[in-house]
Amino acid sequence: MPEDSSYPDSGAGILVVDDTPANLQVLVGMLKEHGYRVRPVLDGRLALRAAKAEVPDLVLLDINMPDMNGFEVCEQMKADPTLADTPVIFISGNTETVDKVKAFSVGGVDYVTKPFQMAEVQARVATHLELRRKRRELQESYEALRRLETLRDSLVHMVVHDLRSPLAAISACLEVIKWDAEEQHRRELAADVETGLHATRTIMRLVNSVLDVSKMEGTSMRLQIAPCDVAAVARESLDELASLVGTRKFRGDWPDEPVMALVDRDVVARIMQNLLGNALKFTPPSGEVTMAVEANDDRVRVAVSDTGPGIPREYRERVFEKFGQVEAVSRGQKLSTGLGLTFCRMAVEAHGGRIGVDSETGRGSTFWFVLPRNGPTPK
């Protein structure tokens, strides 16, 4: 008989399991009328063998059968990875709520009571076949997007990796030019070259962030854990970016004594520099940026505060996403946070710590992270 185009997925394969031949005959006849490929079986064990031999698109399953009941058949199907996604509709004379609840708990998607109405069975079969088709299309779309994302990341990684050598050469040349300008007391030239050096260093940090995020996503980046004075790293990070401060106030707040913790010193320095750079980026010339370090017996907390425009509540998680965007409230613009904050999140979590942001629109933000002093828990 030709397929009925009025029913979605006509031509789909349906396995019908019932130990009553009369029921099988009625169901098979009805389903074939709508163009479905139907395989009838009389018991549970045969049903499992038939399903494994050719995975059906849907199963109509009786409950009360000798040797192996429908619940057991469904449980075994759901335990098999090749059959787990196949929708199972129970058809049974049991009308008790407890049976219906158990049918859904073992993995069934629907329940039809006997004596069944043919129109109802047809409608439920069509609905669940359509849902299965939509799920497959969604999964295929997701996998295609993942492949494209992997390709994109590979291309970005390749391009960025190739940028490191020329950037290092540019930086070295600018250092030589700056040294010559200072020797010749050409202050304006030296200042211009210093501006170029800062720009080059900024690009190099971006390049390193892209590569480090890629490594962390691929779990190929290993932390070099060792005792470290976190307060000393904070002081060095402030000094590293001091030339970018301009007219802003820039200060640190930490204990006089060392704040020791088991961390990767270079990675923690990068986290601090990224947070400071982000704060400077959004702080006006008359504003203030502060870095604070505090500790107790088991953790160390670092916070970078600014007096910028602040971050609306709905954006506070998004800022840590890859290439996340934040709305600048005062200007109505979307500003990219790049990969710096993504690197910070991944690096902090790799240490077994937490990162977050507290912010009030129009009054600035505080980005903070907390690290365990005894190092990350071994995985």
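What follows draws every value from the coordinates through simple rules; no lab data is involved. Just so we're clear, the structure is a prediction, and the values are computed from it rather than from any experiment. Cβ coordinates were reconstructed from backbone atoms using ideal geometry, including for glycine residues, and neighbour counts include every protein chain displayed.
With the Cα gyration tensor of region 142-207 giving a ≥ b ≥ c as the square roots of its eigenvalues, does the rule (a/c under 1.5 for rounded; else a/b larger than b/c for prolate; else oblate) give rounded, prolate or oblate? Spell out each step's value before the answer.
Working: a/c = 7.88, a/b = 3.85, b/c = 2.04.
Prolate is the answer for region 142-207, as a/c is 1.5 or above and a/b outweighs b/c.
Only helical runs count toward this figure. For the chain, summing -39,500 (n - 2.57) over DSSP H runs of n ≥ 4 and dividing by all residues gives -16500 deg cm²/dmol at 222 nm. Based on C-alpha pairs under 8 angstrom that are at least 6 apart in sequence, region 112-211 has a relative contact order of 27 percent.
Toward the positive end of the charge dipole of the chain, about the Cα centre and with charges on Cβ (Lys, Arg +1; Asp, Glu -1), which of Pro309, Asn296, Gly375 goes farthest? Positive-most Cα among the choices belongs to Pro309. Note: relative contact order over region 68-167, using C-alpha pairs below 8 Å and six or more positions apart, is 22 percent. Checking the cross-link pairs Lys78/Lys102; Lys52/Lys78; Lys78/Lys134 against a 18 Å limit on the alpha carbon distance flags Lys78/Lys134 as lying beyond it.
Using a simple spin-label model with pseudo-atoms 7 Å out from Cα toward Cβ, Glu120 and Arg235 lie 8.0 nm apart. Other residues with beta-carbon under 9 Å from the beta-carbon of Leu280 carry, at +1 per Lys or Arg and -1 per Asp or Glu, a net charge of +1.
With R₀ fixed at 56 Å, the C-beta to C-beta distance from Arg363 to Glu149 puts the FRET efficiency at about 0.90.
Is the C-alpha gyration tensor of region 1-141 telling us rounded, prolate or oblate? Criteria: a/c under 1.5 is rounded; beyond that, a/b larger than b/c is prolate, otherwise oblate. Because its axes are fairly even, with a/c under 1.5, region 1-141 counts as rounded. Comparing Cα centroids, region 160-217 and region 85-138 end up 65 angstrom apart. Positive end of the charge dipole of region 114-253 (Lys, Arg +1 and Asp, Glu -1 on Cβ, about the Cα centre): tell me which of Ser165, Leu129, Ser141 has its Cα farthest that way. Farthest towards the positive end: Leu129.
Only Lys, Arg, Asp and Glu carry charge here, each on its Cβ (+1 for the first two, -1 for the last two); on that basis the chain has a dipole of about 400 debye about its Cα centre. Here's the picture: charge each Lys and Arg Cβ at +1 and each Asp and Glu Cβ at -1 in region 59-202, and of Leu155, Thr82, Ala191 the one pushed furthest to the positive end of that dipole is Thr82. For Lys114, the aspartates and glutamates whose Cα comes closer than 19 Å to its Cα, not counting residues fewer than 8 places off in the same chain, are Asp18, Asp19, Asp43, Asp62, Glu96, Asp99. Given +1 at the Cβ of Lys and Arg, -1 at the Cβ of Asp and Glu and no other charges, the dipole of region 5-162 around its Cα centre is 200 debye to the nearest 20. Seen against the Cα atoms of the chain and their longest principal axis, helix 265-282 is set at about 80 degrees. Given the alternatives (i) 103, 48, 40; (ii) 59, 46, 43; (iii) 68, 46, 39, Cα extents along the principal axes in Å as computed for this entry is given by (i).
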